[in-house]
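Visitor: Here's a structure for you.
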Amino acid sequence: MNNFTNFFKTTFLAAGVLAVVSSCVKNDDWDNPPIACSNKFEAPTMSMADFAAQAPATGFKLIETDQIFDGYVISSDSQSNFYKTISFQDKTSNPTVGLQIEVDKASNFADYPVGAHIRINAKGLRLGLDRGTLKLGSVDPVFAIGRIPQDLVGRYVSGVCGGNGLDIQTIIPTKLASLADAKQANLINTLVTVSDAQFNIGELFPVHKKYIDYDAAGQPLDTDRNIEDKMGGTAVVRNSSFFKGGGELLPKGSGDITFVVSRYNTTWQMLIRSLSDIQFTGSTRVDPTPPKGGTEINYLGAFLENFESYSPTNLEVYPKYINDPVLGNRYWQLKTFSSNKYIQLGANSGTGNYLTYFAVPVDFTTANQLKFDVNVGYWNGNALKVYYTTNYTPLGDITAATKVDITSAFTIPQTPAGPNGGYGTLTPAGTYDIPASVTGNGFILFEYSGNGSGVTTTIQLDNIQVL
């Protein structure tokens, strides 16, 4: 009898609990609680554009009267790439102005997510340009535009209520044709999208980088990453050391990028909210410096190239060979001295890294040796390497080819030294015996590697011979 009673009590209690739980759920849906809003301020007294127009050319303006206007949040610190700031614009699409408000408060996305309709009463705040960006913030003894203390944010910023809690709208980024179009003052603190963009090859090769760098102790650093578009435009994506996606490798493809336009003094810095702002899913990259030549590729086991057949009117195109800048924009060029033609490349007077290949097709099955003449000018570091490869696809991605370094088989001069050393003379570099195990069609690669602020040595090549 006692066992039956205990069983009955247990069954009844379980049924009661299930009934209570079931009564809390409608149609098996769990609704997120609405974000609180209060419609704290009266209706707007002016447009955000009119408010922003009051900003002085220098310094700041203290707002001393009730000036109320609406905006829509476009930034998010949920991934920690924004810090104690909220960027917002005057419209959900095609905005005319954007602003940034400084707040001494983190996790602002919880109260003001992307698309949140906010209302600001700026009385008591300062409006002005701060290091190139139009900002709104508190009176501060040190900074022109200070951060509003956390406990006072609600005095100036309030959500606007919709039908059920905070009014949250869909933000439609402004579509731009190029990255250059994003570098406009009227777009600062607005959300834009640029198509056919990609990370610069220097961010992917020879080292495939992550969104942020790390110091020797493994600590994350604020990091700039270079992007480019199909029209040759460039920009910098600025990532915080706290960015939660910072440890991810940069995508190699191309596609759309969405960002908040920003500027630090005269330097444009574009800010992504999360990794989802970068949709580089296209497998085809835009090559701002595509390979030239390669229209008459012929794999031979014996030949001599002295460049005498080429015209100085087309200095960079050699139909039988491939001239491919991977980093930088410099090609091997045809030169003439004392009635002798040769090809030449150097990084002098340039900026950044230069890496350019001159690819020579070879039938390795019948070829036995490789020879060439070399000369240097204003030597200040080794800039030439020589490789062979058997898996390079002509005019394809040369960085994906497997390269065997054979530079040590040759003597590359290191004089005359720069900066006032001038040029030496073209002399034989030596002979490389091609291993019998290397067969099939492939390429000899002459690689120039320099830097406009480092190794700038000029290299000259002539009489490339396979026999």
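Visitor: On each of the three principal axes of the Cα atoms of the stretch 285-442, give max minus min coordinate, whole Å, ordered largest first.
Guide: If we take the Cα atoms of the stretch 285-442, the spans are 45, 38, 29 Å.
Visitor: What does the extension gain come out to for SER309 and SER38, with contour length at 0.36 nm per residue minus their alpha carbon separation?
Guide: 89.5 nm
Visitor: Now for a different question. Whole number please: convex hull volume per residue, Cα atoms of the chain, in Å³.
Guide: 269 Å³
Visitor: Ok, one more. State to the nearest 20 debye the size of the charge dipole of the chain about its Cα centre, where the only charges are +1 on K and R beta carbons and -1 on D and E beta carbons. Could the numbers behind the result be given before it?
Guide: Working: 34 positive and 42 negative charges, 104 e Å.
About 500 debye.
Visitor: If I take every Cα pair under 8 Å that is 6 or more residues apart in the stretch 132-197, average their sequence separation and divide by the length, what percent do I get for the relative contact order?
Guide: Over the stretch 132-197, the number comes to 22 percent.
Visitor: Pop the C-beta distance of ASN226 and ASP140 into the FRET formula with R0 = 30 Å and round what comes out to the nearest 0.05.
Guide: Working: r = 34 Å, r/R0 = 1.13.
The value I calculate is 0.35.
Visitor: Given Cβ point charges of +1 (Lys, Arg) and -1 (Asp, Glu) and nothing else, what value in debye, to the nearest 20, does the dipole of the stretch 297-397 about its Cα centre take?
Guide: My answer is approximately 200 debye.
Visitor: Students often forget the sequence filter, so: which aspartates and glutamates lie under 18 Å Cα-Cα from LYS403 once same-chain residues fewer than 8 apart are removed?
Guide: In chain and number order, the partners are ASP324, ASP363, ASP433, GLU447.
Visitor: Suppose each label sits 7 Å from its Cα in the direction of the beta carbon; what would the ALA185-TYR299 distance come out to in nanometres?
Guide: The modelled label-to-label distance comes out at 6.0 nm.
Visitor: What order, most packed first, do the peptides 402-411, 270-279 have when packing is the mean number of other Cβ atoms within 10 Å of each residue? Working shown, then result.
Guide: On the way: 402-411: 14.0, 270-279: 19.3.
Result, highest mean first: 270-279, 402-411.
Visitor: ASN265 versus ASP397, label points 7 Å from Cα toward the beta carbon: distance in nm?
Guide: In this crude label model, ASN265 to ASP397 measures out at 3.7 nm.
Visitor: Can you tally the lysine pairs in the stretch 77-143 where the Cα-Cα distance is under 18 Å and the two residues are eight or more apart, or on different chains?
Guide: 5
Visitor: What would the Debye equation give as log₁₀ I(q)/I(0) for the stretch 106-193 at q = 0.25, 0.26 Å⁻¹, counting only Cα atoms as equal point scatterers?
Guide: Debye intensities relative to I(0), on a log10 scale: -1.25, -1.27.
Visitor: Evaluate the distance, in nm, between pseudo-label points positioned 7 Å from the Cα of THR281 and of ARG155 along their respective Cα→Cβ axes.
Guide: Here the answer is 4.7 nm between the modelled labels.
Visitor: Counting alpha carbon pairs within less than 8 Å and at least 6 residues apart, what relative contact order, in whole percent, applies to the chain?
Guide: Reported relative contact order: 12 percent.
Visitor: Total Lys pairs in the stretch 162-320 closer than 20 Å by alpha-carbon, pairs eight or more apart in sequence or interchain only?
Guide: 11
Visitor: Could you give the angle, 0 to 90 degrees to the nearest 10, between helix 2-23's Cα long axis and the longest principal axis of the Cα atoms of the chain?
Guide: Helix 2-23 and the main axis of the chain meet at about 70 degrees.
Visitor: Once the principal axes of the Cα atoms of the stretch 64-143 are found, what is the range along each, listed largest first in whole angstroms?
Guide: Cα extents, longest axis first: 31, 25, 24 Å.
Visitor: Provide the percentage of antiparallel DSSP beta bridges, counting only those with both residues in the stretch 87-205; round to the nearest 5.
Guide: Around 65 percent antiparallel, to the nearest 5.
Bear in mind these aren't lab numbers, they're just calculated from the coordinates by the rules spelled out. These numbers come from a predicted model, not from an experiment. Glycine also receives a Cβ, built like all others from the backbone with ideal geometry; neighbour counts cover every protein chain displayed.
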